Amino acid sequence: MITDPLFYVAAIPAVILLGLSKGGFTGVSMLAMPLIALVISPIQGAAIILPILIVQDAVGVWVYRKAWDHRNMALLLPGSFAGALLGYVFAARVSDAAIAFAVGLISVLFGLRRLFLERGGRTPEAARARTVAGLFWGMVSGFTSMIANAGGPPFQVYVIPQKLPKELFIGTGIVFFAALNWFKLPLFVALGQLSRGSLATSLALFPLAIASTWAGVLLVRRVSAERFFKLIYLLLIGVGSKLLWSGGRGLL
């Protein structure tokens, strides 16, 4: 178990961000791993974070157990499992920086486009949950989640244009990533990224993880649907910009 106080200076706000994300503020979780990476290696950080995510998923799934889109789940999950397996196979061969840069570019362009269209009063009609697109973006989400903990933006690129009601959008994302995280767990074990020490550190952060998830659930329900989705676009642009920056630095 990690006992260095400096680790917890970074880990506590990171776990709070993860909880807010699992409670409904989709996107802010992407800011957690960079905080953790300031004090420990990204691989060690991923090993500590995954059990925390699974605990937070349990809270989120219970809250939104009746509010998720079955068709989207049926299309996204098979692709995400295939993408996670690809990520496992290529974990030692694919550059994290290249993946981060690509996901960041997609996120920024998509978020800016949605904001521009809505401010101009030209919001397109709601898109359908199409089979090929669902399988593709599910695979991208699973792959980037396994390689760079960046599965959120591809999921949002596919689901946001469908204009689901706020509760349904949140619930679909929570149930989707809960299933994906459980699928990733044995893959992380196979990669040797989980240990007794990392699990003990995760356990110490569980109370904060649960409390912050409930806080996210309560706070997100006070935000109107219109403001919520504008916030999601801004978070997507912010997270994408961060990925562009870190990915670009890594490539250079």
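The values are calculated or read from the model by the stated rules, or taken from the named source; none is laboratory data. Everything quoted here is computed from the prediction, not taken from an experiment. A quick note on method: Cβ atoms are made from the backbone with ideal geometry, for glycine too, and the neighbour counts reach across all protein chains shown.
Please go through (1) in contact with a Gly (Cβ under 9 Å, 6 or more places away or on another chain); (2) within 20 Å of A133 (Cβ to Cβ); (3) of a type in the set (S, T, N, Q) for Q162 and return the number of the only condition it doesn't satisfy.
(1)
Cβ-Cβ distance below 6 Å, separation of 6 or more or different chains: which pairs start in segment 136-154 with a residue that is of a type in the set (S, T, N, Q) and end on one that is surrounded by 23 or more Cβ atoms within 10 Å (Cβ to Cβ) and modelled with pLDDT of 90 or more?
S141/S80; S141/F155
Is it the case that S224 is under 28 Å from H70 (Cα atoms), free of Cβ contacts under 8 Å to residues at least 24 places away in the same chain and polar (S, T, N, Q)?
Details: under 28 Å from H70 (Cα atoms): yes; free of Cβ contacts under 8 Å to residues at least 24 places away in the same chain: yes; polar (S, T, N, Q): yes.
Yes, satisfied.
Does M33 satisfy the condition of being surrounded by fewer than 22 Cβ atoms within 10 Å (Cβ to Cβ), over 16 Å from L191 (Cα atoms) and modelled with pLDDT of 85 or more?
So M33 does not fit the description; no.
Has segment 120-127 got at least one residue that is at pLDDT below 70, among the basic types (K, R) and more than 19 Å from G45 (Cβ to Cβ)?
Yes, that holds for at least one residue.
Among the residues of segment 214-224, what is the count of those that are in contact with a Phe, Trp or Tyr (Cβ under 9 Å, 6 or more places away or on another chain), surrounded by fewer than 16 Cβ atoms within 10 Å (Cβ to Cβ) and part of a helix (DSSP H, G or I)? Can you show your working first?
Applying the first criterion (in contact with a Phe, Trp or Tyr (Cβ under 9 Å, 6 or more places away or on another chain)) to segment 214-224 yields 216-217, 219-220, 223.
Next, only the ones that are surrounded by fewer than 16 Cβ atoms within 10 Å (Cβ to Cβ) stay: 219, 223.
Next, only the ones that are part of a helix (DSSP H, G or I) stay: 219.
Final tally of qualifying residues: 1.
State whether one or more residues within segment 226-240 are modelled with pLDDT of 85 or more, assigned to a helix (DSSP H, G or I) and over 20 Å from the mean Cα position of the chain (by Cα).
no
Being modelled with pLDDT of 75 or more and either out of contact with any Pro (no Cβ under 8 Å at 6 or more places or on another chain) or under 20 Å from K166 (Cα atoms) (or both) narrows it down to one of I43, I54, so name that one.
Selected residue: I54, the only one of I43, I54 that is modelled with pLDDT of 75 or more and either out of contact with any Pro (no Cβ under 8 Å at 6 or more places or on another chain) or under 20 Å from K166 (Cα atoms) (or both).
For segment 183-193, state whether one or more residues are touching a residue at least 60 places away in the same chain (Cβ under 8 Å), closer than 23 Å to F110 by Cα and charged (D, E, K, R).
Checked segment 183-193: no residue is touching a residue at least 60 places away in the same chain (Cβ under 8 Å), closer than 23 Å to F110 by Cα and charged (D, E, K, R).
For segment 52-92, how many residues meet the condition of being in a loop (DSSP other than H, G, I, E, B), surrounded by 15 or more Cβ atoms within 10 Å (Cβ to Cβ) and of a type in the set (F, W, Y)?
2
Of everything in segment 159-177, what is within 17 Å of I237 (Cβ to Cβ) and at pLDDT 90 or above? Give them in sequence order. Walk me through it before giving the result.
From segment 159-177, those within 17 Å of I237 (Cβ to Cβ) are 159-161; that's our starting set.
Answer for segment 159-177, where residues must be within 17 Å of I237 (Cβ to Cβ) and at pLDDT 90 or above: just V159.
Would you pick out the residues in segment 179-198 that are surrounded by 14 or more Cβ atoms within 10 Å (Cβ to Cβ) and either hydrophobic (A, V, I, L, M, F, W, C) or in a helix (DSSP H, G or I) (or both)?
Here is the first cut: in segment 179-198, the residues surrounded by 14 or more Cβ atoms within 10 Å (Cβ to Cβ) are 179-181, 183-185, 187-188, 191, 193-194, 198.
Matches in segment 179-198: A179, L180, N181, F183, K184, L185, L187, F188, L191, L194, S198.
A11 versus (1) more than 18 Å from G197 (Cβ to Cβ); (2) of a type outside the set (D, E, K, R); (3) outside any loop (DSSP other than H, G, I, E, B); (4) touching a residue at least 24 places away in the same chain (Cβ under 8 Å): which is the lone unmet condition?
(1)
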